[in-house]
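The values are calculated or read from the model by the stated rules, or taken from the named source; none is laboratory data. Keep in mind it's a predicted model, so treat the numbers as computed, not measured. Glycine also receives a Cβ, built like all others from the backbone with ideal geometry; neighbour counts cover every protein chain displayed.
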Amino acid sequence: MRSYAFFLAVLFSAGMVTSCGQTRGNDAILPDRLSVVAATSIIADLATQIGGEHVSVTGLMGPGVDPHLYKASAGDVTRLSGADVILYNGLHLEGKMADVFERMRERGIPVFAVAEESVTGEDLIDSELFQGNYDPHIWFDVTLWRHAARRVQEILAEADPLHAAAYRERLASYLAEMDRTHAYVRERTAAIQADRRVIVTSHDAFGYFGRAYGFEVHGLQGISTAAEAGTADVQQLADLVAARRIPAMFVESSISPRGIEAVQEAVRARGFEVGIGGTLYGDALGDPDSQAGTYLGMMRTNIDTIVAALAGDPV
Ligand SMILES: [Zn+2]
């Protein structure tokens, strides 16, 4: 993009761009698109939705990758170094990448913590375990993720003012799609009896989801997967599931199912049989070819999985 801006400047100063010749000549001088490198698949999807044809988005973490534990590879550093703009979630989600983002900032590359910059104050959920740290999984409340979408539009427009109008238009239609998805999740939730709206998963990714859509949530691990669950955590969660006779728990696509399977065993030892209601997409999107390959599709896939497991009737 920088080279494109330079090239345009040369064209204008040389008087080569004329009102009638502009379109014809453009094919030959098509610029490289704005190069955006995004840390997580969820942020990469947001940049793709807002940027459209004017951006080239590279996501560092693919399907099933846990951002809490992810470390940048040598290849990632090369990709980050070549970016026009770097986007990540922030709020310590990518806890082991802080240094590499700092290095990129020092090199003069614009780096933005999209979630951290767009959601503040009362909207954030405090973490009981880490004082002063907030739950980073804000995308699970679609109304909060709208702020992140607006922030990405601002960032892209600033980096690439030539296409600012296009980014604004794409944002407007994406916000409308977000509203439809938010309504879908609420509507599907109504199919579950109020006392069965309990989500038990591998880690505490669903706090914002629970607050927005009316679920009680329990994660075996805390808001980060960096600290492993201990025997006491397993027993405590098993007590709760058995006492409340919760019909199903969920595993997560970016975390080993072993922890939840251990809870299932412990529940069985208490004389109650709890099912595994399927896989929820927590911190990473699904395969690009699947419905869960986009953020909005992932939200729909998750609520369908939750309803199928907890409502007791087929989806
Ligand atoms: Zn997480």
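Note on the range 149-184: residues that are crowded, with 17+ Cβ neighbours inside 10 Å and of a type in the set (S, T, N, Q) amount to 2. As a summary of the residue check, Gly271 satisfies the conditions (1) within 16 Å of the ligand (Cβ to nearest atom); (2) farther than 16 Å from His137 by Cβ except for the one numbered (1). Entry remark, the range 222-247: residues being crowded, with 21+ Cβ neighbours inside 10 Å and either within 16 Å of the ligand (Cβ to nearest atom) or touching a residue at least 40 places away in the same chain (Cβ under 8 Å) (or both) number 6 in total. For Phe140, the requirement of being within 30 Å of Val241 (Cα to Cα), outside the structural domain of Leu34 (by TED's automatic domain parsing) and under 15 Å from the mean Cα position of the chain (by Cα) is not met.
In the range 263-284, the residues that are hydroxyl-bearing (Ser, Thr, Tyr) reach residues that are within 16 Å of the ligand (Cβ to nearest atom) and assigned to a loop (DSSP other than H, G, I, E, B) with C-beta atoms within less than 6 angstrom, at least six apart or across chains, in these pairs: Thr279/Ser253; Tyr281/Ser253. Does the range 161-184 contain at least one residue that is within 16 Å of the ligand (Cβ to nearest atom) and in contact with a strand residue (DSSP E or B) (Cβ under 9 Å, 6 or more places away or on another chain)? There is no residue in the range 161-184 that is within 16 Å of the ligand (Cβ to nearest atom) and in contact with a strand residue (DSSP E or B) (Cβ under 9 Å, 6 or more places away or on another chain).
Beta carbons closer than 6 Å, at least 6 apart along the sequence or on distinct chains, pair a first residue in the range 158-172 that is over 16 Å from Thr48 (Cβ atoms) with a second that is surrounded by 14 or more Cβ atoms within 10 Å (Cβ to Cβ) for Ala164/Ala157. Listed conditions (1) among the hydrophobic types (A, V, I, L, M, F, W, C); (2) without any contact (Cβ under 8 Å) to a residue 40 or more places away in the chain; (3) more than 24 Å from Ser224 (Cα to Cα) are all met by Ala83, apart from (2).
Pairs linking a residue in the range 132-152 that is over 19 Å from Gly210 (Cβ atoms) to a residue that is away from the ligand (no atom under 14 Å from the Cβ) and acidic (Asp, Glu), with Cβ atoms under 7 Å and 6 or more positions apart or on different chains, are Arg151/Glu117. When the range 190-203 is limited to residues that are of a type in the set (S, T, N, Q) and buried (at least 20 other Cβ atoms within 10 Å of the Cβ), the one that is modelled with the lowest pLDDT turns out to be Ser202. If the condition is being of a type in the set (Gly, Ala, Ser) and closer than 17 Å to Pro110 by Cβ, then the range 68-88 contributes Ser81, Gly82, Ala83. Here Arg146 meets the list (1) charged (D, E, K, R); (2) within 16 Å of the ligand (Cβ to nearest atom); (3) surrounded by fewer than 19 Cβ atoms within 10 Å (Cβ to Cβ) almost entirely, failing just condition (2).
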